[in-house]
1. Of the conditions (1) modelled with pLDDT of 85 or more; (2) within 20 Å of Lys11 (Cβ to Cβ); (3) under 13 Å from the mean Cα position of the chain (by Cα), Asn36 fails just one. Which one is it?
2. Counting just the residues of region 53-96 that are over 30 Å from Asn36 (Cβ atoms), among the small types (Gly, Ala, Ser) and not in a helix (DSSP H, G or I), which one comes out modelled with the lowest pLDDT?
3. Six or more apart or on different chains, Cβ under 9 Å: which pairs go from a residue in region 71-90 that's over 12 Å from Ser20 (Cα atoms) to one that's assigned to a helix (DSSP H, G or I)? Could you list them?
4. Name the single residue that is surrounded by the fewest Cβ atoms within 10 Å (Cβ to Cβ) among those in region 1-49 being of a type in the set (Lys, Arg) and assigned to a helix (DSSP H, G or I).
Amino acid sequence: MVMKHYPPEFKAEAVALYRSRPGATIAAVAADLGVNAETLRSWIRIDDRRGAGPRNETTETSAAAPASGTLESENAALRKRVRELEEEREILRKAAKYFAGETRW
């Protein structure tokens, strides 16, 4: 089996992508990125040991958002979601660029 070496930036962004998707599984994110699920799982464990720890965004947003469903809180939630989607898109672009350069026909 061939050992693939991934740049540290790719690893960090893969972990960030997994953590930015509260409902996603490791297997689903790994499949999206084209890496082995166990590889991604090990990157997450290493990141946890470094002190980053799992981030629970649902409690952070619910505590910060006012209980009254105002337009401001809805706009803030939508802006946050846009930032998450832009980050995911950028990670996938970098992954596609990385893997496109890896293929040697």
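The values are calculated or read from the model by the stated rules, or taken from the named source; none is laboratory data. Note that the coordinates shown come from a computational prediction; the quantities given were computed from them, not determined experimentally. All Cβ positions, glycine included, derive from the backbone under ideal geometry; neighbour counts span all protein chains shown.
1. (3)
2. Ala65
3. Ser73/Ala64; Ala76/Thr61; Ala76/Ala64; Ala77/Thr61; Glu90/Glu13
4. Narrowing region 1-49 to residues of a type in the set (Lys, Arg): 4, 11, 19, 21, 41, 45, 49.
Add one more test, that the residue is assigned to a helix (DSSP H, G or I), and what stays is 11, 19, 41, 45, 49.
Numbers: Lys11: 18, Arg19: 18, Arg41: 14, Arg45: 11, Arg49: 9.
Looking at the filtered set, the residue picked out is Arg49.
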